[in-house]
Amino acid sequence: MITVIYDGHCNFCKSCVDWAKNRAQLNAIPNQELALIDYGLTQEQVEKSVVVISDKTYFGAKAVAQVLMVTDNSVLSKLIRILGPVSEIGYKYIAAHRDGFVVKVIHWFIKRSLR
């Protein structure tokens, strides 16, 4: 089972975690409730991006790819990995524009899939 550490104050992040939990077994912990020492992480790391702990620790787009892999979205997971730096740019864009139109549209689709 993987552990996902995410921003518990971000509605987009919470919806993404809920979407993943509906499709796979995972341990999801808001970074605000995390004992950093237990996971060997810094405050800066958990505030900067989503973190996934499985066979190793992943951050940002690579973490998203890990979540997609365990939710049986292996094609999208592999695409994110293949695109590498482009995926990181996309991840950073979404993280920086959580209240922007594009992210709100993506969030709407994620929330609809939870119904």
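Considering each residue of the range 23-56, count those that are part of a loop (DSSP other than H, G, I, E, B), open to solvent by 100 Å² or more (accessible area, probe 1.4 Å) and charged (D, E, K, R), and give that number.
Counting residues in the range 23-56 that are part of a loop (DSSP other than H, G, I, E, B), open to solvent by 100 Å² or more (accessible area, probe 1.4 Å) and charged (D, E, K, R) gives 2.
Which condition breaks for SER15 when tested against (1) within 21 Å of ILE89 (Cβ to Cβ); (2) open to solvent by less than 20 Å² (accessible area, probe 1.4 Å); (3) out of contact with any strand residue (DSSP E or B) (no Cβ under 7 Å at 6 or more places or on another chain)?
So the condition that SER15 fails would be (1).
Could you please let me know if PHE59 is free of Cβ contacts under 8 Å to residues at least 60 places away in the same chain and either crowded, with 17+ Cβ neighbours inside 10 Å or in contact with an Asp or Glu (Cβ under 9 Å, 6 or more places away or on another chain) (or both)?
Yes, satisfied.
Considering only the range 1-22, state which residues are acidic (Asp, Glu) and not in a helix (DSSP H, G or I).
ASP7
Report every pair of residues separated by at least 6 positions or lying on different chains whose Cβ atoms are under 6 Å apart, first residue within the range 31-51 and under 14 Å from ASP7 (Cα atoms), second of a type in the set (Ser, Thr, Tyr) and outside any helix (DSSP H, G or I).
Note: pairs meeting the criteria are VAL50/TYR6.
Quick check on VAL105: is it open to solvent by 30 Å² or more (accessible area, probe 1.4 Å) and of a type in the set (A, V, I, L, M)?
Yes.
Can you find, within the range 66-77, the residue that is least open to solvent (accessible area, probe 1.4 Å) among those that are more than 15 Å from LYS21 (Cα to Cα) and touching a helix residue (DSSP H, G or I) at 6+ places or on another chain (Cβ under 7 Å)?
Filtering first and then ranking leaves SER77.
Among (1) surrounded by 17 or more Cβ atoms within 10 Å (Cβ to Cβ); (2) modelled with pLDDT of 95 or more, where does VAL86 come up short?
VAL86 satisfies every listed condition except (1).
For the range 94-115, give me each residue that is aromatic (Phe, Trp, Tyr) and either over 20 Å from ALA20 (Cβ atoms) or in contact (Cβ under 8 Å) with a residue 40 or more places away in the chain (or both).
Within the range 94-115, just PHE101 meets the criteria.
Does the range 63-72 hold any residues that are within 14 Å of the chain's Cα centre (by Cα) and farther than 17 Å from ASN31 by Cβ, and which are they?
Scanning the range 63-72 gives ALA65, LEU68, MET69, VAL70, THR71.
Quickly run through the range 41-62 and pick out the residues that are aliphatic (A, V, I, L, M) and either modelled with pLDDT under 95 or more than 20 Å from LEU26 (Cα to Cα) (or both).
Of everything in the range 41-62, those that are aliphatic (A, V, I, L, M) and either modelled with pLDDT under 95 or more than 20 Å from LEU26 (Cα to Cα) (or both) turn out to be LEU41, VAL46.
Any residue in the range 1-26 that's within 19 Å of TYR39 (Cβ to Cβ): show its pairings with residues that are buried (at least 16 other Cβ atoms within 10 Å of the Cβ) and aromatic (Phe, Trp, Tyr) at Cβ separation under 7 Å, as long as the two are six or more apart or on different chains.
CYS13/TYR6; VAL17/TYR6
The values are calculated or read from the model by the stated rules, or taken from the named source; none is laboratory data. From a predicted model like this one, the values you see are computed outputs, not experimental measurements. Note that we place each Cβ from the backbone using ideal geometry, even for glycine, and neighbour counts take in every protein chain shown. Accessible surface areas use protein heavy atoms only, side chains included; no ligands, DNA or RNA. Shrake-Rupley method; radii C 1.70, N 1.55, O 1.52, S 1.80 Å.
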